[in-house]
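Asker: Structure provided below as structure tokens; questions to follow.
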């Protein structure tokens with residue numbers, strides 16, 4: 001039985017999302033991604049040559065799954081987003097907000113090698129995948145250790 005969660009409680013956390021796309025032959029594909037939630041849209045980092053970008057160009061239907069899971073506390077909250085994604089040119093300010101979620105607010109502490117070689121912060125081929133969800137599903141199944149009482153109700157404030 002689904003137990004709703006405020007999606008904002010999960011989307012504000014620096015978790016890893018799973019982006020599911022369809023290949024040209026219809027086969028499903030997925031990729032772990034960092035994300036940023038802003039103004040009702042989910043933004044994910046990419047570049048113009050990425051396989052996810054190519055698949056979205058063929059079929060823009062996507063699903064994104066995000067799970068907030070803490071085995072010790074018995075916490076498991078799920079947010080699923082569905083809709084059509086678009087690929088947009090890099091927005092450096094938005095990109096920096098995305099990176100801040102994962103690397104912290106002090107940009108001087110960010111690893112320069114990671115920024116140039118993996119995140120490719122200076123690459124003009126950088127892109128953002130944008131999903132304005134057509135539907136959002138949430139479920140709190142934080143009772144696998146506690147029984148009918150939801151563990152999420154007693155989770156630390158930084159996790160809620």
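Asker: Give all pairs with beta carbons closer than 7 Å in which a residue from the stretch 112-135 that is within 20 Å of residue 64 (Cβ to Cβ) meets a residue that is at pLDDT below 85 and part of a loop (DSSP other than H, G, I, E, B); count only pairs at least 6 apart in sequence or on separate chains.
Answerer: Within 7 Å, the pairs are 126/120; 127/48.
Asker: Based on this model, can you work out whether residue 142 counts as modelled with pLDDT under 90 and touching a helix residue (DSSP H, G or I) at 6+ places or on another chain (Cβ under 9 Å)?
Answerer: For residue 142, the condition - modelled with pLDDT under 90 and touching a helix residue (DSSP H, G or I) at 6+ places or on another chain (Cβ under 9 Å) - is met.
Asker: So which residues in the stretch 35-80 are part of a loop (DSSP other than H, G, I, E, B) and either out of contact with any strand residue (DSSP E or B) (no Cβ under 6 Å at 6 or more places or on another chain) or more than 24 Å from residue 93 (Cα to Cα) (or both), if there are any at all?
Answerer: Result: 39, 40, 49, 50, 59, 60, 71, 72, 73, 74.
Conditions tested, residue by residue: (1) modelled with pLDDT of 95 or more; (2) buried (at least 16 other Cβ atoms within 10 Å of the Cβ); (3) within 14 Å of residue 37 (Cβ to Cβ).
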| site | (1), (2), (3) |
| --- | --- |
| 76 | no, yes, no |
| 111 | no, no, no |
| 122 | no, no, no |
| 127 | no, yes, no |
| 131 | yes, yes, yes |
| 134 | yes, no, no |
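Asker: Could you grab me the full set of residues in the stretch 46-57 that are out of contact with any helix residue (DSSP H, G or I) (no Cβ under 6 Å at 6 or more places or on another chain) and either surrounded by 12 or more Cβ atoms within 10 Å (Cβ to Cβ) or within 13 Å of residue 129 (Cβ to Cβ) (or both)?
Answerer: 47, 48, 50, 51, 52, 53, 54, 55, 56, 57
The values are calculated or read from the model by the stated rules, or taken from the named source; none is laboratory data. In this text the structure is predicted, and so the values were computed from the model without any measurement. Positions of Cβ are generated from backbone atoms using ideal geometry, with glycine treated the same way; all protein chains shown enter the neighbour counts.
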